[in-house]
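Undergrad: One structure, pasted below without further comment.
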Amino acid sequence: MKSRLTEAFDYIKNSVENQKIYEYLDLIEGTKKNINIPVIASINCASPDLWTDFAEKIQNAGADAIELNISNLPSNIEKSSSDYEKIYFDIISNVFQKVNIPLSLKMNQFSAGLSNLIRKIDYTKKVKSFVLFNRFYSPDIDIENFKINYSNVFSSDKDYTIPLRWVALLSGKLQAELISSTGIHNAESLIKQILAGANAVQIVSVIYEKNPKYINVILDGLKNWMQSHNMKSLKDFKGKMNYSSIKNPSDFERIQFMKYYGGII
């Protein structure tokens, strides 16, 4: 009986997953037919063997590029940092061999040598951009019912400082482009990411919380700021405040609050 129940569960699970995949592929095809800008499809797979198959399907559906959203939480106490880094290289290499459209890597900041890891991936020349960073599902605890809940589904408008630091540190040091993601809710945080060196930004949570038309509000804010500072294009200020361009670059590396609480800054 247990075996039959397991088989039934697997059948239902696979059917649901396949249905969702085909719905996603239909979305890509339909979107490609109705808009005049590139379509970048994002994928996240639970097992290594699914990445290449799904990537090929996405390419065949008409996507112009693929974002590999590798949610790699280093939670296994038996694995080293190099074990987790290998996951990135294996997935990128396998997908790169199967598709001929550009690849982007969306990754997290949990690495013992994050800058070095990104540079090593950049050296492979297999990804065209790095998206910094993906957001994990955040567990919480219900202290009355002793259950695990979810928390912080949407990013906060203060979270933009997480990608800001790393974009500023890496800007100008890689062949691949840098894309900021997480916490960009308004024109001000958008402008800061570009000043730090971002080639593009991803805006998601605030669109869910408001509506897609809010993108126009953000873009209007960007245009107004550019006009007030006599900026004619993004190139005029992109990277103007990155690690290599500012007077005190160590500000981007500081992790202590001592100067702040000591009244020095």
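The values are calculated or read from the model by the stated rules, or taken from the named source; none is laboratory data. All values derive from a computational prediction rather than experimental measurement. Here Cβ is always computed from backbone atoms with ideal geometry, including for glycine, and neighbour counts include all displayed protein chains.
Undergrad: For the stretch 125-175, give me the residue count where each residue is surrounded by fewer than 13 Cβ atoms within 10 Å (Cβ to Cβ) and either in contact with a helix residue (DSSP H, G or I) (Cβ under 7 Å, 6 or more places away or on another chain) or aliphatic (A, V, I, L, M) (or both).
TA: Total meeting the criteria: 5.
Undergrad: For the structure I just gave you, tell me whether Ile184 is part of a helix (DSSP H, G or I), touching a residue at least 24 places away in the same chain (Cβ under 8 Å) and within 28 Å of Tyr137 (Cβ to Cβ).
TA: Criteria not met by Ile184.
Undergrad: Just the residues that are of a type in the set (A, V, I, L, M, F, W, C), under 20 Å from Ser111 (Cβ atoms) and modelled with pLDDT of 90 or more, please, taken from the stretch 52-94.
TA: Listed by number, the residues that qualify are Leu68, Ile70, Ile77, Ile87, Phe89, Ile91, Ile92.
Undergrad: For Ile66, are the conditions met, namely being buried (at least 20 other Cβ atoms within 10 Å of the Cβ) and closer than 25 Å to Thr182 by Cβ?
TA: yes
Every residue, every condition in (1) part of a helix (DSSP H, G or I); (2) of a type in the set (Val, Ile, Thr), yes or no:
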site: Leu195; (1), (2): yes, no
site: Ala198; (1), (2): no, no
site: Val201; (1), (2): no, yes
site: Ile207; (1), (2): yes, yes
site: Asn211; (1), (2): no, no
site: Leu219; (1), (2): yes, no
site: Trp225; (1), (2): yes, no
site: Met231; (1), (2): no, no
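Undergrad: Now for a separate question. Output yes when any residue across the stretch 188-196 is under 19 Å from Phe130 (Cβ atoms), out of contact with any strand residue (DSSP E or B) (no Cβ under 8 Å at 6 or more places or on another chain) and either not charged (D, E, K, R) or not assigned by TED's automatic domain parsing to the domain that holds Phe154 (or both), and no when none is. Full working, then the answer.
TA: At the first step, the residues of the stretch 188-196 found to be under 19 Å from Phe130 (Cβ atoms) are 189-190, 192-196.
Pick out the ones that are also out of contact with any strand residue (DSSP E or B) (no Cβ under 8 Å at 6 or more places or on another chain) and you get 189, 192, 195.
Retained after the next criterion (residues that are either not charged (D, E, K, R) or not assigned by TED's automatic domain parsing to the domain that holds Phe154 (or both)): 189, 195.
Yes, that holds for at least one residue.
Undergrad: Next up: Can you give me the number of residues within the stretch 141-167 that are touching a Lys or Arg at 6+ places or on another chain (Cβ under 8 Å) and free of Cβ contacts under 8 Å to residues at least 12 places away in the same chain?
TA: Selection size over the stretch 141-167: 1.
Undergrad: Among the numbered criteria (1) without any contact (Cβ under 8 Å) to a residue 24 or more places away in the chain; (2) farther than 23 Å from Phe252 by Cα, which single criterion is violated by Asp236?
TA: Going through the list (1) without any contact (Cβ under 8 Å) to a residue 24 or more places away in the chain; (2) farther than 23 Å from Phe252 by Cα, Asp236 breaks only (2).
Undergrad: Report, ordered by the first and then the second residue, all pairs with beta carbons closer than 8 Å, sequence separation of six or more or different chains, a first member in the stretch 199-219 that is touching a residue at least 12 places away in the same chain (Cβ under 8 Å), and a second member that is acidic (Asp, Glu) and not in a loop (DSSP other than H, G, I, E, B).
TA: Asn199/Glu177; Ala200/Glu177
Undergrad: Select from the stretch 107-157 the residues that are more than 15 Å from the chain's Cα centre (by Cα) and of a type in the set (Phe, Trp, Tyr) and write down the one among them that is modelled with the highest pLDDT.
TA: Tyr123
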